[in-house]
1. Calculate the spin-label point distance for residue 86 paired with residue 27, positioning each point 7 Å from the Cα along the beta-carbon direction, and give it in nanometres.
2. Ratio of segment 220-302's C-alpha Rg to 2.2 N^0.38 Å, to two decimals?
3. When a/c is below 1.5 the answer is rounded, else prolate if a/b is larger than b/c, else oblate, so apply that to segment 63-218 with a ≥ b ≥ c taken from the square roots of the Cα gyration tensor eigenvalues.
4. Do you know the relative contact order of the chain, to the nearest whole percent, from alpha carbon pairs under 8 angstrom that are 6+ apart?
5. Please give the net charge around residue 43, taking every other residue with its beta carbon less than 11 angstrom from that of residue 43, where Lys and Arg add +1 and Asp and Glu add -1.
6. Which residues' amide hydrogens lie under 5 Å from the amide hydrogen of residue 149, considering only partners 5 or more residues apart or on another chain, with H built in the peptide plane?
7. Compute the helix-to-body angle for 160-171: its Cα long axis versus the longest principal axis of the chain, expressed 0 to 90° and rounded to tens.
8. Among 277, 120, 78, pick out the residue whose Cα is farthest towards the positive end of the charge dipole of the chain, where Lys and Arg carry +1 and Asp and Glu carry -1 on C-beta, about the Cα centre.
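Bear in mind these aren't lab numbers, they're just calculated from the coordinates by the rules spelled out. Just so we're clear, the structure is a prediction, and the values are computed from it rather than from any experiment. Glycine gets a Cβ as well: all are built from the backbone with ideal geometry, and neighbour counts include every protein chain shown.
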Amino acid sequence: MTPFFQYTPNMSADHPVVNSLTKRLANLSPEARQAAENFSVLMPHAFASRFAWDVEGPIQKEFLPTAEELFSATGYSVDPLAESQAEVAPGLIGKYQGRVLLKVTTRCAIHCRFCFRRHLLTQSVPKKNKEWLPALQWIAQDQSVREVIFSGGDPLMVSDRRLSWLAHRLAAIPHLMRLRIHTRMPVVAPERITSGLIAWLRETRLTPIVVVHVNHVDELDHTAMMALARLVDGGIPVLSQSVLLKGVNDDEQTLVALFERLITARVIPYYLHMLDQVVGAAHFEVDAGVAIGIINRLRLLLPGYAVPRLVRETPGAESKLAL
Ligand SMILES: *Cc1c(COP(=O)(O)O)cnc(C)c1O
Ligand code: SF4
């Protein structure tokens, strides 16, 4: 599978050079090295090779550690969405009516510095098939559940054999109608979107929906665009979700370019998330008033279908809250 580049400061110095990335990491400040020790730098080789890792680019802000991660900000926590309290069976998060979230892995292809699960990715989730039985039983006994969301980590880090086994077991539950997959893979490891993946998504009785996580137009190179095309050509509805991030995409020109490119890929922008207040990510926060101003201007610049909903995930709320 995909070869990965991973870096923590205490690793041996002989990891392979990927562009100028290794040099960049060798020159980190002591604080940024500490940040990389807290949450490693991880990305696929091919993704690393796409960028020059120059200091000013927006992509490096998403993926390279900085001293700012060590700042502690009030209101920020390690589990900002109180997900641990919503775990109704091992690996199963039941917060909302009608849909549940299944954490099929805590592994990712890439580490995003702003990730709200960045402190939770070391938790364990069921691995063996039989460890999934409590979650499957919980879903089977709650007739109101219509949709299961494969989440993680990144669910597409799991093999098609294991995912299709789960899909098969879920399809046997009569009240389930849909299977949603939230993933960053089409963007960061496009080769994961194989004919084998599309085959089992097409074969399941459940209606499949893919939601791709993408924040900046530069993430969508031609390999990512082709991966999205394979999904759409395969008959899979594809939506997008993005996080509004200071210094990455918090201006309307950047977002117009992103959403137009998604529409070109036949992907419908679904959510634009306000940052979840996770320890280490406060420097990414965009003020709510600024965010609302941006989304209002996007409505003037883009067709309605290209403007996602601006939402905030709020612990205890029964859905994401629209701003
Ligand atoms: C976002 C989310 C969902 C899905 O919500 P939609 O509004 O249907 O996209 C489900 N469960 C959890 C825990 C979520 O965070
Ligand atoms: S769970 Fe998603 S946002 Fe978080 S580090 Fe993994 S790929 Fe990035």
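1. A separation of 4.2 nm, rounded to one decimal place.
2. Values: Rg = 14.1 Å, N = 83, 2.2 N^0.38 = 11.8 Å.
Relative to the 2.2 N^0.38 Å estimate, segment 220-302 comes out at 1.20.
3. Values: a/c = 2.08, a/b = 1.35, b/c = 1.54.
Because a/c hits 1.5 or more and a/b fails to exceed b/c, segment 63-218 counts as oblate.
4. 16
5. It works out to a net charge of +1.
6. Counting only residues 5 or more places away or on other chains, the set is 100, 101, 102, 180.
7. So the inclination is approximately 40 degrees.
8. Going by the Cα projections, it comes out as 120.
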